[in-house]
Amino acid sequence: MGKRVWLGIQKHMTLIKGLFMFSVLLFIIREVGRVMHEVSGQQVHAVLSSLSWGTLGLLLIGGFVAVLPMLIYDFTIVEFLPGNFSWGYIVRSGWVTNTFTNLMGMGGLLGASLRANFYSQSATKKQVVYAISKIALFLLAGLSLSCWVALILLFGFDIGQPYQGYWIWLLGGGLYFPGLFLFTRLNNGEFFKDLTWTRELRLIVGSSLEWGSCALFFLAIGWALQLPLNLAAVFPMFVVASVAGVVSMIPGGLGSFDVFMIFGLGMLGVSRADAAGWLLLYRLFYYFFPFGVGIGLFFHDAGRRFNRFLGGLPVAALRRGAHLFVTTFMYFSGVMMLLYATIPDVVLTNHIYMRLVPYMFYFLDQVSNIIVAFLLIGLARGVGARVKRVFWPTLVVLTVAIGVTLWRENFPGGLAVLLGLVLACLIFARPELYRESFHYSWGGLLVDGSIYVGTFLVYTVLGLSMFHGHHRPWLPQDWLLPSTQVWLNGLGGLLVALLILIGIYRYLAHTRPDWLQQPFDAPRVRALIHRFGGNEVSHLAFLRDKHLYFYQKDGVDQLLLLFQQRADKLLVMGEPIGNQAELAPALKQFMHDADLAGRRPVFYEISEALTLRLHEMGFDFIKVGEEGHVDLTHFNLVGRAHKGERALVNKFRREGYTCEIQQPPLSDHDFAELQEISDDWLGDQTEKGFSLGFFDRDYLNEAPVAVMKNAAGKTVAFANLMPTGDRKMTSIDLMREGRDAPSGIMDGLFVYLFELCRDQGYTGFNLGMAPLANVGVSHFSFIEERAAHLIYQYGSSVYSFQGLRAYKEKYVTTWEPKYLAYRRRASLVFTMLQLMLVINRPATGGPRNRLVPRWLDRWLTDEINWQNRL
């Protein structure tokens, strides 16, 4: 019969629990209603207002300290589980779990679920369940021991005598610990196998500290309220109310604990209002405020997991947004302050400006407004460029500006929130500030320079108008400054601001990486080309007008990039030189190093394959021309197509012209002859550089030079060879002729070189670029390429684009497209201008190339005459 009853109870246990909780809840609601009816809000407010801010601060700290012992559970549970958890992770996870459980216990279900979520990374489901179950057994051990302490106080020391009638609650709660201890020690099952004496003792101490600190904090609130009662007498009632809260199974004992404590405190003469205030403070400082921190940590952990799941994109997007917000706000505030400092009467009558005024910094002095305005603008440029060194100066300036702004009386509350958000966003976006150095882009310099120059010009005009005898009709009255002193103060502020901007730039650009300062190392370049082979631009390294970037693997040079600096750009000439198997990591490393240095790479005259690879790395591109290749294995002058060249070569041979190869190093006599030809060919023009060679003895001594001599043995033209190191493709760079050289001499030199290189085993000859050839010919081409096509068609007065293409067409077998790759969102116009400046800047070795070579001029004239004869 008894067994059947027990089975029936087990079958309907859920219903029985529900009815029990419902009845407890009804009792609590009825009793709370009675208390609320007897206590007014004004009475509770009077109790709370009696506490000072210092006392409230101490209670806040005390509430957080009282929660700390609960973390012992979490430091113990990880010992039952595999995996390594950091101290910080355990503290964060434990705080979330315990503060959530305090307020929303759900019979331990919530705590178990949270711990399973936090500590199950390396454990099986069974291991997690076992570990949580062991911890759950000891959660009430401290309360059970507190019941025995309360019984001793009641009947041993006669403390809390009014509560002796609750002995049955205390005895029931006190029996839990002895029963638990005997059960765990006498049970030899697998479940308790890893529950050592040390771990069990730690759990018992942790639970005792949890309930003990909770009780002490509750009593500390009574002390803070300065109520006339013996606080030790409250302890037994606190334990009874806690047992009642646990038995009620209501999360946090909410309601049940409070009802018991209000009635119990009443037995000691505490009024209902004082008791309600006491409990309210307890709930706030022990439950709700720690719970608020727990919510923050929970969302931080959930956000971190979500961020990791999405590969870091959410945090990256938030940091980018915060970074953009700080940069925009600093520029906005700087411009707004500048307008207010220079033309106050104008902007203060502008409705748009006045609507924006509540969102800017405030400085009363005109000079300080100007100086801080340009400080904000200058630092905003550094923040926008993501420079690491800008963080602390920006933090200081923003903190001072915020402090001065909020020092005013009656400042808008929304402004305080906004400025706090700006500061928080700067700190949050700090990882975005990673670059080691700053370099002005032309666009940035144009914007900042326009702001300063525009302000200076306007201010100068306003000042000059004050020295004129009468008012100028074209200048509105609102624009006039009140006095000469105001104008002089503002002018001084502008001059100081200029010095500040220069100082900020020098400070941000101070750091320069070592790889941008390395001297030219010719043996190192030769060794890399000898090891892996070169390409069509490798010989340009010996011009010494470009920086060298070596990519190494295991301490061995693998790839070399040639580049020059201009503003914030690194203009890379041609394809990387060396081991092409390491191209991907080399490009990645170069991008990384350039980014840290605050530079943006631009790749000029690169192949289609490299262009597509760079496009995947965030580059846009534009076609800049085609490179002509001659197939030497099939080259000859047979046929009608080469009739003119064949006749020209035969003519040179009849007249005694010969072609020779001069090996380096050049003698003084040979070099003097070449120098005379080069000077004669250049005339009053200047050399080019970067993508083209210039006349320089060191450069010419790096490779053989082909010379054309007349019958008298005098050199009349020359071209220096550009070996690529792979014995497959070769080329020439400088092609120069004297004034007394016959027309078409370069054709003779080309034919000789083609035959010579073919006999030496070369299979191809690179005739170089035909700029803008076949660029933008399609209706669907990029607008920039179509504009380049117009230059190709109609720009012959500046550079004979079509003539150069036509000249090379006689020999070229195949044309290879060449591209310019530049970072997205970079200005193509500025990039092209910077490239032109680099190509046309004075070279170290001497004067520069003319735009249209004389031999090309002569060839075009000969071609016209030839067509006329036909």
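The values are calculated or read from the model by the stated rules, or taken from the named source; none is laboratory data. Being a predicted model, the structure only gives us computed values, none of them experimental. Methodologically, a virtual Cβ is constructed for each residue, glycine included, from the backbone with ideal geometry; neighbour enumeration extends over all protein chains shown. The protein model used for the area step is the full one, side chains on, heavy atoms only, and it has no ligands, DNA or RNA in it. Shrake-Rupley method; radii C 1.70, N 1.55, O 1.52, S 1.80 Å.
Considering only beta bridges that DSSP places wholly inside the stretch 505-647, some 70 percent are antiparallel.
Of the residues THR327, THR813, the one with the largest accessible area comes first in the ranking THR813, THR327, computed with a 1.4 Å probe on protein heavy atoms. Shape summary of the stretch 484-540, radius of gyration then Dmax from alpha carbon positions: 24.2, 73 Å. Residues in the stretch 623-644 near a label at GLU655, defined as backbone nitrogen under 17 Å from the 7 Å Cα→Cβ point? The answer is 644, whose backbone nitrogens lie closer than 17 Å to the label point. Between TYR434 and SER133, what FRET efficiency comes out of the Förster formula 1/(1 + (r/R0)^6) with R0 = 56 Å and r the beta carbon distance, rounded to 0.05? Using R0 = 56 Å, I get an efficiency of 0.75. 3J(HN,Hα) along the stretch 596-604, derived from phi through the Karplus expression 6.51 cos²θ - 1.76 cosθ + 1.60 where θ = phi - 60°, amounts to 4, 7, x, 10, 10, x, 10, 10, 10 Hz, with x in place of Gly and Pro.
The stretch between ARG531 and ASP554 holds 6.7 nm of extra length on full extension. This uses 0.36 nm per residue minus the Cα-Cα distance. Here is the list for the stretch 629-661: GluC sites (Glu not before Pro) lying in DSSP coil, each with at most 14 other C-beta atoms within 10 angstrom of its C-beta, are GLU655. Modelled label positions at LEU56 and HIS510, each set 7 Å beyond Cα in the direction of Cβ, lie 4.5 nm from each other.
With 0.36 nm allotted per residue and the present C-alpha distance subtracted, the ASP759-ASP684 stretch has 23.1 nm of extension available. Rounded, prolate or oblate for the stretch 165-301? Axes are the square roots of the Cα gyration tensor eigenvalues, ordered a ≥ b ≥ c, and the cut-off for rounded is a/c under 1.5. Cα axes put the stretch 165-301 in the oblate bin. Here the extension length gained between ASP726 and GLU809 equals 27.4 nm, from 0.36 nm per residue of separation less the Cα-Cα distance. Annotation: amide H-H contacts under 5 Å for LYS569 (H modelled 1.01 Å from N, sequence separation of 5 or more, or interchain): ARG600. Here the label points at VAL496 and LYS125, each 7 Å from Cα along the C-beta direction, are separated by 7.1 nm in the simple model. For the stretch 277-353, just say rounded, prolate or oblate: build the C-alpha gyration tensor, square-root its eigenvalues into a ≥ b ≥ c, call rounded for a/c under 1.5, and beyond that prolate if a/b exceeds b/c, oblate if not. Judged from the Cα gyration tensor, the stretch 277-353 comes out oblate (a/c at least 1.5, b/c at or above a/b). Pairs exceeding a 29 Å alpha-carbon distance, out of LYS651/LYS810; LYS688/LYS709; LYS588/LYS810: LYS588/LYS810. Each Cα pair of the stretch 546-690 feeds into the Kirkwood radius, which the Stokes-Einstein equation turns, at 4 °C and 1.567 mPa s, into a diffusion coefficient of 65 µm²/s. Each residue, ASP301 and GLN565, gets one label point 7 Å from its Cα in the Cβ direction; the gap between the two is 4.9 nm.
Which aspartates and glutamates, on any chain, are close to LYS546 with Cα under 13 Å apart, when same-chain ones fewer than 8 places away are left out? Cα-Cα hits under 13 Å: ASP521. For ALA647 and GLU608, a Förster radius of 41 Å and the Cβ-Cβ distance give a FRET efficiency of 0.60, rounded to the nearest 0.05.
Measuring r between the beta carbons of PHE75 and PHE288 and using R0 = 30 Å, the FRET efficiency lands at 0.75.
A DSSP coil position with no more than 14 other Cβ atoms inside 10 Å describes none of the trypsin sites (Lys or Arg not before Pro) in the stretch 494-582. Partner lysines whose Cα lies under 24 Å from the Cα of LYS134, excluding those fewer than 8 positions away in the same chain, are identified as LYS17, LYS125, LYS126, LYS193. The solvent-accessible area of LYS388, taken with every protein chain present and a 1.4 Å probe, is close to 100 Å².
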